[in-house]
Amino acid sequence: MTRRTTKQISVGDDRCGIVLIGGGAPVVVQTMTVGPTHLIDACVAEINTLAAAGAQLVRVAVPQRKDTAALVEILDQTSVPILADVHFHYQRALEAIEAGVHKIRLNPGNISDRRQVNAVIDACGERSIPIRIGVNEGSIVERKDKKLRMEELGKVFSDNRNGHLIALMIAKLEEYLDIFHERGFHDICLSAKSMDPAVVIDAYTEISRRFEYPLHLGLTHAGPRETGTIRSIVALGTLLANGIGDTIRISYASDSIHEVNDGLEMLYCLGLRERKGPELIACPTCGRIQVDLFTLVEQVRRTLDDQITIPMKIAVMGCVVNGPGEAEGADVAVFAGDRRGIIYVQGQRVASVPEPEILDRLLLECRILQDRVRAGECTLGQKNVQIIPPDPIGELGSGVERIEAGLVEQVTVRRSG
Ligand code: SF4
């Protein structure tokens with residue numbers, strides 16, 4: 001996909017490293033801590049856990065003086081750039097900048113005195129600290145002196161189902177940007193969040209046409225992970241698939257580690273990031289199932305990340321209907337039948353074990369393959385054989401008889417190298 005061209009901003013320093021946003025840089029995954037920033041040890045632990053999971057930037061809230069006072073110690077013990085989230089109190093922004101924070105998130109609409117906003121802009125300018133200017137659907141209030149402009153913009157978007165709201169967001173961003181441009185400040189990233197995925201898609205699409213700054217994508221108040229996942233992935237995935245967006249934050253009412261994991265998974269799925277760890281494929285199960293596949297899949301999922309650190313594709317399939325095809329497509333695969341699992345590695349059958357042994361044997365085969373890949377003996381995605389599935393398997397049967405008869409395991413040798 002073609003990514004939209006934007007300006008580029010640079011976040012970080014020599015100690016924690018530099019992260020580039022926009023300008024063709026890979027899409028950056030960021031998140032926000034959930035605990036109070038002034039609880040230094042807990043905050044440091046949370047940031048480092050999120051960074052280890054793949055967060056490239058971590059934002060912290062600094063509502064009180066004791067939060068910004070904690071920043072110096074926090075910055076000293078963390079290895080990713082830290083962003084300070086500022087609302088209402090411009091002093092918190094100045095204190096965070098003084099402490100050495102790497103980026104500021106500011107909603108100028110929450111700071112009523114223009115001189116205070118100017119002071120923050122100038123302090124960031126002196127230290128080359130970028131600012132994210134964010135408008136949220138909830139913080140947009142129609143002002144009298146902007147009414148005409150908004151009406152004009154509203155006409156522009158009259159054919160859009162969310163036209164009025166988008167008009168307000170655009171007007172607000174333009175209003176804020178004027179303040180920054182007057183100070184000669186262009187080290188900017190933009191966001192325009194809503195809780196409605198359709199609004200987010202339309203708003204960012206329009207903003208990407210009008211502004212050349214990099215875009216921070218996100219929904220606000222997406223809810224718990226169970227429902228927030230769909231809301232977030234629909235909106236952010238659509239935009240990213242259209243080449244829009246330079247950094248993402250998925251936000252859940254949950255542990256931020258899920259925001260990082262799901263953000264990364266979305267980038268992997270869209271081909272915007274090279275997968276680092278294992279990829280688990282599993283069938284949804286149906287009436288053909290003859291093992292407890294849900295439990296097996298969950299056990300594999302929970303264990304894989306600890307044991308496999310290369311982008312190995314692992315398939316867990318309930319029966320032979322799709323099993324052989326998946327066994328061929330995956331690096332390691334198991335397909336089950338009649339309380340057994342037949343395990344394939346690189347397309348070649350290596351074991352047939354009873355159900356209680358499937359998990360351990362599957363993981364063992366994954367570790368063995370990982371060792372071989374690391375030793376340079378083989379590569380991922382390499383197949384030694386092509387499996388010819390039985391045809392037909394049987395409309396309603398599980399294929400067990402055919403497994404037992406050995407019919408599923410007919411192979412045609414296809415030399416891989
Ligand atoms: S692989 Fe077998 S058990 Fe799983 S959904 Fe397909 S037909 Fe059903």
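The values are calculated or read from the model by the stated rules, or taken from the named source; none is laboratory data. Not measured: the values here are computed from a predicted model. Cβ: placed from backbone, ideal geometry, glycine included. Neighbour counts: every protein chain shown.
Filter the range 345-382 for residues that are in a strand (DSSP E or B) and at pLDDT 90 or above; which is nearest to Leu280 (Cα to Cα)? Write out each step before concluding.
So in the range 345-382, the residues in a strand (DSSP E or B) come out as 345, 348-354.
Next, from what is left, pick out any that are at pLDDT 90 or above: 345, 350-354.
Values: Val345: 14, Val350: 19, Ala351: 19, Ser352: 20, Val353: 20, Pro354: 21 Å.
The selected residue is Val345.
Residues in the range 250-257: is at least one assigned to a helix (DSSP H, G or I), over 24 Å from Arg374 (Cα atoms), more than 16 Å from the ligand (Cβ to nearest atom) and in contact (Cβ under 8 Å) with a residue 40 or more places away in the chain? Break it down into steps so the answer makes sense when it comes.
Of the range 250-257, the ones assigned to a helix (DSSP H, G or I) are 256-257.
Adding the requirement that they be over 24 Å from Arg374 (Cα atoms) leaves 256-257.
Now drop any that are not more than 16 Å from the ligand (Cβ to nearest atom), which leaves 256-257.
Those still in the list that are in contact (Cβ under 8 Å) with a residue 40 or more places away in the chain too: 256-257.
Looking for residues that are assigned to a helix (DSSP H, G or I), over 24 Å from Arg374 (Cα atoms), more than 16 Å from the ligand (Cβ to nearest atom) and in contact (Cβ under 8 Å) with a residue 40 or more places away in the chain, one finds at least one in the range 250-257, hence yes.
Looking only at the range 75-91, count every residue that is surrounded by 17 or more Cβ atoms within 10 Å (Cβ to Cβ) and modelled with pLDDT of 95 or more and tell me the total.
7
For (1) in a helix (DSSP H, G or I); (2) surrounded by 18 or more Cβ atoms within 10 Å (Cβ to Cβ), each residue gets a yes or a no:
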residue	(1), (2)
Val29	no, yes
Ala45	yes, no
Lys66	yes, no
Ala93	yes, yes
Ala96	yes, yes
Val101	no, yes
Arg105	no, yes
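I need every pair where a residue in the range 283-297 that is closer than 12 Å to Pro356 by Cα has its Cβ under 7 Å from the Cβ of a residue that is more than 11 Å from the ligand (Cβ to nearest atom) and of a type in the set (A, V, I, L, M), sequence separation at least 6 or different chains.
Leu296/Ile358; Leu296/Leu359
State all residues of the range 187-203 that are assigned to a strand (DSSP E or B) and β-branched (Val, Ile, Thr); if no residue qualifies, say none. Outline the logic, then answer.
First, pick out the residues of the range 187-203 that are assigned to a strand (DSSP E or B): 188-193.
Matches in the range 187-203: Ile188 only.
Under the condition of being part of a loop (DSSP other than H, G, I, E, B) and near the ligand (Cβ under 6 Å from one of its atoms), which residue from the range 295-323 is surrounded by the fewest Cβ atoms within 10 Å (Cβ to Cβ)? If you could, list the steps in order and put the result at the bottom.
Step one: list which residues in the range 295-323 are part of a loop (DSSP other than H, G, I, E, B), which gives 308-312, 318-322.
Among the residues that remain, those that are also near the ligand (Cβ under 6 Å from one of its atoms) are: 318-319, 321-322.
Details: Gly318: 26, Cys319: 25, Val321: 21, Asn322: 18.
Within the range 295-323, the match that is surrounded by the fewest Cβ atoms within 10 Å (Cβ to Cβ) is Asn322.
Of the residues that sit in the range 326-380 and are within 16 Å of the ligand (Cβ to nearest atom) and of a type in the set (Asp, Glu), which one is farthest from Arg301 (Cα to Cα)?
Asp338
Residue-wise test of (1) surrounded by fewer than 17 Cβ atoms within 10 Å (Cβ to Cβ); (2) outside any helix (DSSP H, G or I); (3) polar (S, T, N, Q); (4) modelled with pLDDT of 65 or more.
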| position | (1), (2), (3), (4) |
| --- | --- |
| Ile129 | no, yes, no, yes |
| Lys146 | yes, no, no, no |
| Leu153 | no, no, no, no |
| Arg161 | yes, yes, no, yes |
| His164 | yes, no, no, yes |
| Ala167 | no, no, no, yes |
| Lys172 | no, no, no, yes |
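If you check Arg15, Arg59, which single one turns out to be in contact with a helix residue (DSSP H, G or I) (Cβ under 9 Å, 6 or more places away or on another chain), over 20 Å from Ile244 (Cβ atoms) and not aliphatic (A, V, I, L, M)? Full working, then the answer.
Working: Arg59 fails: in contact with a helix residue (DSSP H, G or I) (Cβ under 9 Å, 6 or more places away or on another chain).
Going through Arg15, Arg59 in turn, just one is in contact with a helix residue (DSSP H, G or I) (Cβ under 9 Å, 6 or more places away or on another chain), over 20 Å from Ile244 (Cβ atoms) and not aliphatic (A, V, I, L, M): Arg15.
Among the residues of the range 283-294 satisfying the criterion of being loosely packed, with under 12 Cβ neighbours inside 10 Å and more than 16 Å from Ile314 (Cα to Cα), which is farthest from the ligand (Cβ to nearest atom)? Before the answer, list the steps.
In the first step, residues of the range 283-294 are kept if they are loosely packed, with under 12 Cβ neighbours inside 10 Å; the result is 284, 286-287.
After this cut, where a residue has to be more than 16 Å from Ile314 (Cα to Cα) as well, the list is 286-287.
Working: Cys286: 3, Gly287: 7 Å.
Only one residue fits best here, namely Gly287.
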